[in-house]
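Report on the following structure.
The values are calculated or read from the model by the stated rules, or taken from the named source; none is laboratory data. Model, not experiment: these values are computed from the prediction. Reconstructed Cβ throughout: ideal geometry from the backbone, glycine too, with neighbour counts over all protein chains shown. Areas reflect the complete protein model, heavy atoms only, side chains present, ligands, DNA and RNA absent. Shrake-Rupley method; radii C 1.70, N 1.55, O 1.52, S 1.80 Å.
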Amino acid sequence: MGGVEDEEPATKRVKLSTEELRGLSNGSSLIEPVSGSSSDLMARPLSSEGDEEVVGSKGVIKRVEFVRIIAKALYSLGYKKSGERLEEESGIPLHSSVVNLFMQQVLDGNWDESVATLKKIGLLDESIVKSASFLILEQKFLELLNAEKVMDALNTLRTEITPLCINGTRVRELSSRVVAPSQFVLVGSHSQDIVRAKSRSKLLEELQKLLPPTVMIPERRLEHLVEQALLLQRDACPFHNSLDKEMSLYTDHQCGRDQIPSQTLQILRDHSDEVWFLQFSHNGKYLASASNDRSVIIWEVDVNCGVSMKHRLCGHQKSVCSVSWSPDCNELLTCGVEESVRRWDVSSGECLHIYEKAGVGLVSCGWSPDGKWIFSGVNDKSICMWHLDGRELECWKGQKTLRISDLEIMSDGKQIISIFKENAILLLDRETKVERYIEEDQTITSFSLSRDNRFLLVNLLNQEIHLWNIEGDLKLVAKYIGHKRARFVIRSCFGGLAQAFIASGSEDSQVYIWHRGSGELIEALPGHSGAVNCVSWNPVNPHMLASASDDRTIRIWGLNELNMKRKDAHSNGIHYCNGRT
């Protein structure tokens, strides 16, 4: 049907005379000439509309609707002759003759006639008729003002728009444009820009959204249906985790388990004691790990996803419990257990500043979104904000955090999140001082904030992980079970494409991965020989996951097909290619 080139369609259509009609996004659906009495214009069922014939194996697609939507898509794509031929062969017009006339009148600026025709379309909802009439008459009013026909515009406002008795605010605004037009003149504009009359094709688009879809099919309806089908297939796929995965219309979409990073590609053995914490940088180029050996290692991720040591950071007098990357990934904060927070230059490995308070120890650290301040939890249960140069800017006292605590700052820089009681998390607005609380029945051991700041992942003493929606009213939305936790702090994280997965460490030496939406346990990855304390998913590469363990190692997980080059420089790690050393 799309190959009609030279044949003249049997049913000739009037060529549209206005440029605006040719510019319509629906490919200028052509208008049939209309003749006869006004009674002939009254809307009646489209030909074949009473036919109950359906298409498709499920019997749910009405043939008339299907054909009309295809015709609409053909015109939108610019295939006018194909659209005409489809209407001709099917006997199913895209629009009724009265709707075609209405569209033509709007584009030609025949306002009174278009309002009259609108009433003949047969709309049952009088409010729709009024709203559509308002849009048309508003356009008439604005174009009259543009043409400096002020009295005619005023007459339209008084005798046609106001009697509709709707949209009073807009009516007053239009009236003010007559009384004080200078207020609406744009600097450097011409007289025709005194008021902002939309193009007629734009008006038609607005009318199309207002009128029922059975009268005028919404723009790009077929594309919307196809996209919706593809996205539903994608969202239902428990293993969808690839930026490069091509979704085709030719087959149903389904990913395999090979999209989940489940193969050990590299083992890093450079720490001399238990590894308690690790975190990828925001740009995915670095990984920082903190250990009971009082050191932090900055690892560099190469283009082949190989990981090598960049710097070993020493100076803490106690075990290091957490790290935090600056927004630009050029600096790193490290926190010793009830000790101090240190700020490091990632490029050189130099310690830039030490943050500490006399008589108390710091227990957590985090950055402001603009990188100008840092935050730290203190073991006196307060939270402090520091300037980079070490000046303490503000301190929130009282029970704001626990002695061992996680700390997150939302991307707006206003809200601070911390564990402030054994079974509760505090969300503190530092400007308004408003406090919100997530309360659990069990002891909270750790939490993690999603990249979009909408969700919080909370690890509990009873071997459950809870997902909370913290946007607006706090709401528990999902639970994840299966991992083991009895004695230690175990951390979990969001990860994968669009953070569609949840990963967690476990005391049984495995890494657990769930599908975030369904809660289904997808993988339990063996390999470590001690408790897995922390996991981190590369925020840039959805196929790269890291885990830290009491066995003093860090494992880098990837896809089975991913070939990693053996790297010996800067690290005594064991490297894997397709699962083999």
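Here are the numbers for this structure:
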{"read-out": "Extension gain (nm, one decimal) between ASN541 and LYS484, 0.36 nm per residue minus Cα-Cα", "value": "17.8 nm"}
{"read-out": "Computed lengthening from ALA116 to LEU249, 0.36 nm per intervening residue step minus Cα-Cα distance", "value": "43.5 nm"}
{"read-out": "By average C-beta atoms within 10 angstrom, highest first, the peptides 356-364, 489-497, 321-329", "value": "489-497, 321-329, 356-364"}
{"read-out": "Gain on full stretching of the segment that runs from GLU219 to GLU53 - 0.36 nm per residue minus C-alpha separation", "value": "57.3 nm"}
{"read-out": "Portion, in percent, of the accessible area of the range 197-315 that falls on carbon or sulfur, probe 1.4 Å", "value": "48"}
{"read-out": "Rounded FRET efficiency, nearest 0.05, which uses the C-beta distance separating ARG257 from SER518 and R0 of 22 Å", "value": "0.90"}
{"read-out": "Reachable lysines from LYS310, criterion Cα separation under 19 angstrom, eight or more residues apart if same chain", "value": "LYS285, LYS565, LYS567"}
{"read-out": "Under 5 Å, built H, 5+ apart or other chain: amide partners of VAL54", "value": "ARG63"}
{"read-out": "Residue-wise HN-Hα coupling along the range 540-545, computed from phi with Karplus coefficients 6.51, -1.76, 1.60 (Hz; x: Gly, Pro)", "value": "9, 10, x, 9, 10, 10"}
{"read-out": "Inter-label distance, nm, simple model (7 Å from Cα along the C-beta direction), CYS395/ASP370", "value": "2.4"}
{"read-out": "Interchain or long-range residues, amide H under 5 Å from GLN266's placed H", "value": "ILE556, TYR576"}
{"read-out": "Largest to smallest accessible area among SER308, SER347 [probe 1.4 Å]", "value": "SER347, SER308"}
{"read-out": "Set LYS318/LYS397; LYS381/LYS484; LYS130/LYS202; LYS120/LYS149 screened for pairs whose C-alpha atoms are more than 23 Å apart", "value": "LYS318/LYS397; LYS381/LYS484; LYS120/LYS149"}
{"read-out": "Rounded percent of accessible protein surface that carbon and sulfur make up, the range 330-371, 1.4 Å probe", "value": "43"}
{"read-out": "Mean accessible surface per residue for the range 310-372, computed with a 1.4 Å probe while every protein chain stays in place, in Å²", "value": "38"}
{"read-out": "By accessible area with a 1.4 Å probe, ligands and nucleic acids excluded, highest first: order of ARG158, ARG552", "value": "ARG158, ARG552"}
{"read-out": "Per-residue ³J(HN,Hα) for the range 504-521, Karplus 6.51 cos²θ - 1.76 cosθ + 1.60, θ = phi - 60°, Hz, x for Gly and Pro", "value": "8, x, 6, 6, 8, 6, 10, 9, 10, 10, 10, 7, 4, x, 8, x, 5, 6"}
{"read-out": "Relative packing of peptides 280-291, 78-89 - highest average C-beta neighbours within 10 Å first", "value": "280-291, 78-89"}
{"read-out": "Amide H contacts of TYR286 (H built 1.01 Å from N, under 5 Å, at least 5 apart or other chain)", "value": "SER281, VAL301"}
